[in-house]
Protein chains: 2
Amino acid sequence: MSEPIKGENHVVVIGGGFCGLYAVKSLRKSGVKITLIDKRNFHLFQPLLYQVATGELSPGDIASPLRYVFSGNNEIDIINDEVTDIDPDKQEIALKKGLVGYDYLIVATGVDKNYFGNESWQENAPGLKTIEDALAIRNKILYAFEAAEIEKNQAVRKAWLTFVVIGGGPTGVELSGAIAELAFKTLRREYHRIDPEEIEIILLEAAPRILSAYPDTLALKAGKSLNRLGVTVMTNSMVTDVSESDITISRNGEKITKHSKNIIWTAGIKGTKIADILSAKTGADLDRAGRVMVNRDFSVATCSNIFVAGDLANYSHQTGQPLPGIAPVAMQEGRFLARIIKARIKGKKIPVFRYRNKGMLAVIGRNAAIADFGVLRVSGFFAWLVWIFVHIMYLVEFDNKMIVMIQWAWNYFTHKRGTRIITSG
Amino acid sequence: MSEPIKGENHVVVIGGGFCGLYAVKSLRKSGVKITLIDKRNFHLFQPLLYQVATGELSPGDIASPLRYVFSGNNEIDIINDEVTDIDPDKQEIALKKGLVGYDYLIVATGVDKNYFGNESWQENAPGLKTIEDALAIRNKILYAFEAAEIEKNQAVRKAWLTFVVIGGGPTGVELSGAIAELAFKTLRREYHRIDPEEIEIILLEAAPRILSAYPDTLALKAGKSLNRLGVTVMTNSMVTDVSESDITISRNGEKITKHSKNIIWTAGIKGTKIADILSAKTGADLDRAGRVMVNRDFSVATCSNIFVAGDLANYSHQTGQPLPGIAPVAMQEGRFLARIIKARIKGKKIPVFRYRNKGMLAVIGRNAAIADFGVLRVSGFFAWLVWIFVHIMYLVEFDNKMIVMIQWAWNYFTHKRGTRIITSG
């Protein structure tokens with residue numbers, strides 16, 4: 001791109017996650033010109049990232065090339081680049097490799113990991129946001145078993161076999177459950193010298209209970225399912241320090257040190273750099289997590305043609321609380337932004353956003369899940385089937401990923417994990 | 001490992017490739033203790049590596065964890081480590097993390113890439129030996145299309161869209177065919193601004209013809225199939241220089257320069273470091289490619305209990321020429337070594353090795369292949385079906401990779417490539 005693209009109705013979408021993808025999907029074939037900008041060349045099905053981290057799925061299974069998703073849509077331009085600046089006056093975005101003009105701008109970059117000021121912990125407690133994060137965690141877990149197999153020193157071996165997942169949200173719950181299945185079921189026949197009794201998997205949560213966004217009863221059931229899988233759930237437990245082989249926890253005033261070489265961070269989020277750019281250039285307010293406070297129509301500050309949505313937005317107009325950073329919220333917001341832009345272009349009545357909670361799901365291991373559909377709350381195997389169905393249907397919708405369903409069925413019956421390989425990336 | 005493991009009949013196998021895997025497979029349940037050492041935790045199905053490089057398969061599809069392959073075999077120890085030295089007198093191997101004793105040693109590490117003294121070319125002309133190599137090439141190819149899509153300068157765009165594969169052996173033939181299919185079929189609907197006329201794919205071979213190990217007629221057919229796919233085959237063409245965006249070729253005394261940002265090296269092999277160690281410690285001779293000259297029973301120099309086989313061995317006793325570095329040779333050698341070791345332990349008659357050529361196969365694109373079964377030489381779609389069958393059966397044998405077959409069928413009918421994603425590893 002050496003000169004700005006700018007048309008009468010040119011919508012630029014930054015970010016090909018759930019929000020951006022649904023916005024573009026709903027805008028296509030409506031006469032507007034669309035440019036979708038993403039750092040990566042694929043849409044990532046983030047809810048299954050923990051399965052890549054535990055060797056159940058390959059990266060390619062949960063990533064759909066954006067160009068493939070929108071192949072044949074000639075009105076959509078896809079640019080694989082990073083945004084470095086936004087100029088609301090000129091209506092122009094600066095990329096590393098050029099400039100792009102816009103009439104309407106949708107910013108949906110999602111959020112980054114947040115170590116709450118303890119950035120030095122990142123090295124020893126990696127997070128789980130990208131494909132690369134997932135592969136790094138997969139390598140870490142598999143390498144730990146290799147190291148434990150040949151380690152003669154009992155204390156060191158125990159540190160290799162202790163897995164600590166920090167953060168009792170859905171990601172932490174799903175990840176710790178998957179690690180337990182990998183450790184106690186899949187790998188047990190393969191390491192002759194490892195005594196399963198030495199394996200310890202801990203899920204840490206600072207609050208009094210895990211899954212704070214879910215009803216009490218379901219969180220309780222999730223905790224029980226985790227225990228059955230062999231996960232020790234520690235609530236009211238705050239991390240105070242992380243080093244290469246140790247984690248220090250403060251729990252009800254007590255200080256606990258665990259020796260562990262496998263510490264994983266799923267505890268916090270923060271707005272991306274683009275939130276700071278928007279704040280500086282438009283005067284938009286940010287919340288404590290660095291997310292952008294948006295107007296009732298998702299526009300920011302006084303810029304009626306710049307919208308922020310998805311995880312990066314703090315939308316508190318509906319319940320007084322920010323809507324949760326989950327895929328269904330992002331999808332509905334993306335679709336809504338397409339509607340509002342189309343309405344404004346055609347001079348029609350501007351719609352009002354209302355999030356419809358269609359349910360929340362979390363999976364615990366191979367047979368259990370919890371689902372909260374408001375009136376209906378289910379757990380166990382039935383919830384697991386619902387979970388599988390919902391996730392597969394999404395993958396199939398965008399990328400004909402039937403193959404993932406077959407792979408899951410296959411892995412389920414054979415207890416096999418296709419991708420337990422240690423690679424340098 | 002802190003102390004050497006050494007038993008009465010302890011066989012140590014270095015390398016979990018085709019040779020090592022078949023040796024271990026044939027030795028198990030025969031009363032010997034086996035230790036399999038590999039740098040990586042998986043067996044790699046190398047013949048399909050080019051499909052990972054072109055986004056047709058995921059790394060996990062062609063890699064089988066060694067522990068999975070031998071799960072439940074308690075007499076087999078698997079060590080994930082790198083060999084740093086061999087002591088034939090003490091019968092001991094030094095690893096980075098310990099020592100291992102042996103009674104019989106099989107060295108089957110395979111070979112490395114060879115740039116024939118032009119190691120500086122490696123940066124701009126990566127080779128294809130490991131999963132990481134394949135992912136780097138995949139990223140390179142996909143990134144080139146992204147860059148070409150936004151490049152306004154015609155000459156620079158042409159350099160992004162010119163792909164040069166150096167080396168007309170099976171890997172070069174298969175890789176250039178797969179790049180042509182990716183460029184002309186899969187990607188063509190997805191990049192609005194790229195003119196397919198600007199894409200150029202060149203296969204370079206220094207010898208007068210490609211596929212020198214195959215009969216003339218089949219090589220000719222392979223060349224025609226490549227032309228049909230859009231590959232320009234240049235024989236008698238020697239690379240004289242490689243830089244970031246240029247390759248210089250000498251052809252019949254003429255000097256040709258091509259601007260290309262996608263140069264891939266499949267032209268040469270050389271023995272691994274372990275060949276040098278063996279040469280220094282046992283007095284074994286190496287050939288010009290650094291492979292180990294072995295005795296008629298694959299033992300080296302005067303060490304009757306150290307064997308070298310697979311690609312790393314130069315075995316010229318059968319035809320006067322070294323046996324080719326292909327999977328069937330390695331498998332047969334691995335099986336033979338198991339037989340010879342079992343015979344020696346039991347004091348039985350020592351068998352004599354005879355390679356049985358069951359055929360050679362190479363695939364060109366989605367519909368054509370060539371197969372040389374000695375008396376029967378076939379090409380085209382039937383050869384392609386044979387090729388698919390042979391490769392799948394192998395994968396299924398070791399790792400129940402039925403899923404790969406389904407995936408191929410799926411990709412074949414949908415023209416989809418599941419893993420066209422650019423990741424940092």
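From least to most packed, judged by other beta carbons within 10 angstrom and beginning with the fewest, B:VAL231, A:VAL69, A:VAL386 follow the order A:VAL386, A:VAL69, B:VAL231. Provide the percentage of antiparallel DSSP beta bridges, counting only those with both residues in segment A:38-148; round to the nearest 5. Roughly 90 percent of the beta bridges in segment A:38-148 run antiparallel, per DSSP.
Averaged over peptide A:53-66, how many Cβ atoms belonging to another chain are found within 10 Å of each residue's Cβ?
4
Using 0.36 nm per residue and subtracting the Cα-Cα separation, the extra length available between A:SER30 and A:ASN295 on full extension is 92.9 nm. B:ALA207 label point (Cα plus 7 Å toward Cβ) to equivalent points in the other copies: 6.7 nm, shortest first.
Here is how far apart the A:LYS273 label points are across copies: 3.7 nm, shortest first, using a point 7 Å from Cα toward Cβ. Using the Karplus relation 6.51 cos²θ - 1.76 cosθ + 1.60 with θ = phi - 60°, the per-residue 3J(HN,Hα) values for segment A:214-221 come to 9, x, 3, 4, 5, 4, 5, 5 Hz, with x marking Gly and Pro.
For the peptides A:202-209, B:247-254, the ranking by mean Cβ contacts within 10 Å, running from highest to lowest, is A:202-209, B:247-254. Segment A:57-95 and segment B:46-76 have their alpha-carbon centroids 33 Å apart. At 7 angstrom along the Cα-to-beta-carbon line, where would the label on A:ASN357 sit relative to the other copies? Give the distances in nm, shortest first. Nearest to farthest, the other copies are at 7.2 nm. Label-to-label distance, B:THR319 versus B:PHE389, with points set 7 angstrom from Cα along the beta-carbon direction: 2.4 nm.
Restricting to segment A:119-267, compute how many DSSP beta bridges are antiparallel as a %, nearest 5.
Beta bridges within segment A:119-267, antiparallel portion: roughly 45 percent.
Ranked by how many other Cβ atoms sit within 10 Å of their own Cβ, fewest first, the residues B:GLU149, B:GLU82, A:GLU333 fall in the order B:GLU82, B:GLU149, A:GLU333. Counting only other chain Cβ atoms within 10 Å of each residue's Cβ, the peptide A:71-80 averages 4.
Mean per-residue shielding of peptide B:121-132 is 1, counting Cβ atoms of other chains within 10 Å of each Cβ. Each label was represented as a point 7 Å from its Cα along the Cα-to-Cβ direction; for B:SER243 and A:LEU376 these points are 6.7 nm apart.
Report the residues of segment A:9-28 in range of a label on B:ARG189: point 7 Å along Cα→C-beta, backbone N strictly under 20 Å from it. Backbone N within reach: A:21-22, A:24-28. Count the net charge of all other residues whose Cβ sits under 13 Å from the Cβ of B:SER379, scoring Lys and Arg as +1 and Asp and Glu as -1. Result for the local shell: +2.
Find how much the distance from B:LYS152 to B:PHE116 grows on full extension, using 0.36 nm per residue of separation minus their present alpha carbon separation; answer in nm with one decimal.
9.2 nm
If we count every other residue with Cβ under 13 angstrom of B:PRO88's Cβ, Lys/Arg +1 and Asp/Glu -1, where does the sum land? Net charge in that neighbourhood comes out at -3. Shape class for segment B:272-376, computed from the alpha carbon gyration tensor (a ≥ b ≥ c): oblate, with a/c not under 1.5 and a/b at or below b/c.
With 30 Å as the limit on Cα-Cα distance, the pairs of B:LYS113/B:LYS348; A:LYS90/A:LYS346; B:LYS29/B:LYS113 that go past it are B:LYS113/B:LYS348; B:LYS29/B:LYS113. Hey, in the GNM for chain B with a 10 angstrom Cα cutoff, which one of B:SER26, B:SER71, B:SER379 fluctuates hardest? It is B:SER71.
Between A:ALA207 and A:THR302, full extension at 0.36 nm per residue minus the direct alpha carbon distance yields a gain of 30.5 nm. Using the alpha-carbon atoms, what tilt in degrees (0 to 90, nearest 10) does helix A:170-181 show relative to the longest principal axis of chain A? Computed tilt is about 40 degrees. DSSP bridge analysis restricted to chain B gives an antiparallel fraction near 55%, rounded to the nearest 5.
Where does helix B:381-399 land angle-wise versus the long Cα axis of chain B, in degrees 0 to 90, nearest 10? The helix B:381-399 is inclined about 40 degrees to chain B. For chain B, set up a GNM with springs between Cα atoms under 10 Å and report which of B:LYS29, B:LYS270, B:LYS258 has the largest fluctuation. Greatest mean-square fluctuation among the candidates belongs to B:LYS29.
Axis of helix A:18-27 versus longest Cα principal axis of chain A: the two differ by about 30°, to the nearest ten degrees.
Bear in mind that the values in this text are calculations on the coordinates, not laboratory data. The shown structure was predicted, so the numbers you read here are calculated from the model rather than taken from an experiment. Reconstructed Cβ throughout: ideal geometry from the backbone, glycine too, with neighbour counts over all protein chains shown.
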